[in-house]
Amino acid sequence: MDGPISYVSVRALDTLSKGNADPMIYDLQVLELDPARGLIKAAARVRTVTLICRIFNFGKKRNPSEKDLRYEYMLLNAHTSGEPFPIYPDVALKPWTKNFDDGTSITTPVRVPRNETPPTKSWSAKCTCLLVGMQKLRCHVLILGGSQRENGCWERVGMASGLEPAIFAMAERRIWHLV
């Protein structure tokens, strides 16, 4: 990764429940590791959702600088109520079009490199919520976007905790190639 990553603690809620009555049940299974290339082959349930990035210009300038902008990231279709679910990615994200071998493409979020300016206009893209584990009332997920480095792979753009388990009710376990 080029930049920081964040972690979401699931231990706090595990230990708060009396007698650990609502333990985290982990879903993610690592199948293979390729340390030389930094690749992980994993099996997990996934859900494709829309990530929207709203960008607000607090400086009210025609050509705002990065310090004048505020970014709000939310997942759509990730909550049974229909409400957007706020997320906090590891670093600023941008949209990128990923082309597949079969001729199809998808616009997906990717991490903004350190030497690049983040977008200045709001955008949306498809991303994948990969289920790490769940409790009765919440899920712990990795948020994935397409990999610019490895064809056919996906990269972590953040983590989220608190999504409803119901969104994974019909999801099948799939094999994913992560970088």
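For this structure, a couple of remarks:
- Ordering 83-89, 42-48, 26-32, 99-105 by mean Cβ neighbour count within 10 Å, with the highest value first, yields 42-48, 83-89, 26-32, 99-105.
- Rg/Rh ratio calculated on Cα atoms of segment 21-179 (Kirkwood radius): 0.99
- Qualifying GluC sites (Glu not before Pro) in segment 88-179, where qualification requires a DSSP coil assignment and no more than 13 other C-beta atoms within 10 Å, comprise E116, E172.
- Environment charge at L163 (Cβ cut-off 9 Å; Lys +1, Arg +1, Asp -1, Glu -1): +1
Readers should treat all values here as calculations from the given coordinates under stated rules, not as data from a laboratory. Keep in mind the model is a prediction, meaning the values are calculated, not measured. Note: ideal-geometry Cβ built from the backbone for every residue, glycine included; neighbour counts use all protein chains shown.
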